[in-house]
Amino acid sequence: MKRAEKKSEMSTDPRSGTLSWIMRTPVVSIGMDASLKDALDLCTDQGIRHLPVVDEEGAFVGVLTDRDIRYHISPRLGTISENSSDRATLNRRVHTVMVRNALTGSPDMSIGTAAKIFLHNHIGCLPVLDGDRRLVGMVTKGDFLALLAAAD
């Protein structure tokens with residue numbers, strides 16, 4: 001994943017830019033029918049905590065976080081008391097635990113507006129969608145911190 005390189009176009013006030021300037025692309029996503037094990041492996045391999053979920057046509061349908069995954073898998077996995085029912089929790093489908101109706105942004109949304117959405121809704125990520133609800137980027141709290149650090 002990389003951040004769009006358009007800092008030279010940004011004014012001295014980072015809030016005046018748009019999400020297209022700070023969103024990460026390409027976005028790692030997962031299908032609705034993937035297992036929680038697949039989602040956990042993908043998050044671990046990619047070093048990410050927020051996983052957008054897409055349908056068969058590639059349209060955005062929700063978000064799955066590492067916290068959602070940990071909540072829905074057995075805490076006994078990997079311990080001496082692990083049994084087959086614990087391992088079965090890894091087979092649950094993403095669509096059964098994902099957050100539906102997740103808040104989203106658009107590439108032309110202002111950074112200031114997006115920041116307010118983060119603050120007022122206590123969210124950790126904002127998927128960025130085009131007019132056809134296709135995932136085109138992802139913005140996280142970390143991206144806001146990086147923007148502030150770069151402006152200093």
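Which length gain, in nm to one decimal place, applies between LEU145 and SER35 when the Cα-Cα distance is subtracted from 0.36 nm times their residue separation?
36.4 nm
To the nearest 20 debye, what is the magnitude of the charge dipole of the chain about its Cα centre, counting +1 on the Cβ of each Lys and Arg and -1 on the Cβ of each Asp and Glu?
In total the dipole reaches around 380 debye.
So how far apart, in nm, are the two label points at ARG133 and LEU42 if each is 7 Å from Cα heading toward Cβ?
1.8 nm
By how many nm would the segment from SER84 to ALA59 lengthen if fully extended, with 0.36 nm per residue of separation less the alpha-carbon distance?
5.6 nm
Quickly rank 144-150, 121-127 as a protection proxy: mean count of other C-beta atoms within 10 Å, highest first.
My ranking of the peptides, most packed first, is 121-127, 144-150.
What number, in percent, do you get for the relative contact order of the chain if the mean sequence gap of Cα pairs under 8 Å and at least 6 apart is divided by its residue count?
Reported as a whole number, the value is 29 percent.
What number results when the radius of gyration of the stretch 94-152, computed over Cα atoms, is divided by 2.2 N^0.38 Å?
Relative to the 2.2 N^0.38 Å estimate, the stretch 94-152 comes out at 1.20.
Take the Cα radius of gyration of the stretch 2-151 and divide it by 2.2 N^0.38 Å, with N its residue count; two decimals is plenty.
Compactness ratio reported: 1.15.
Once each part is reduced to its C-alpha centroid, what is the distance from the stretch 79-130 to the stretch 41-60 in angstrom?
9 Å
Residues with amide H under 5 Å of CYS125's amide H, sequence separation 5 or more or different chain, H placed in the peptide plane at 1.01 Å from N; which?
Under 5 Å from the amide H of CYS125 lies no amide H from a residue far enough along the sequence or on another chain.
What percent does the relative contact order of the stretch 60-132 come to when contacts are Cα pairs within less than 8 Å and at least six residues apart?
Worked out over the stretch 60-132, it gives 33 percent.
Where does helix 36-46 land angle-wise versus the long Cα axis of the chain, in degrees 0 to 90, nearest 10?
Relative to the chain, helix 36-46 is tipped by roughly 40 degrees.
Percent antiparallel among DSSP beta bridges with both residues in the chain, to the nearest 5?
Of all bridge pairs located within the chain, approximately 85 percent are antiparallel.
Under the definition of Cα pairs under 8 Å and six or more residues apart, what whole-number percent is the relative contact order of the stretch 39-88?
25 percent.
Helix 141-151 sits at what angle to the longest principal axis of the chain, using alpha carbons and giving 0 to 90 degrees rounded to 10?
For helix 141-151, the angle is close to 30 degrees.
Each reported figure results from applying straightforward, stated rules to the coordinates on display, with no laboratory input. All values reported here derive from a predicted model rather than from experimental measurement. Virtual Cβ from ideal backbone geometry, glycine too; neighbours counted across all protein chains shown.
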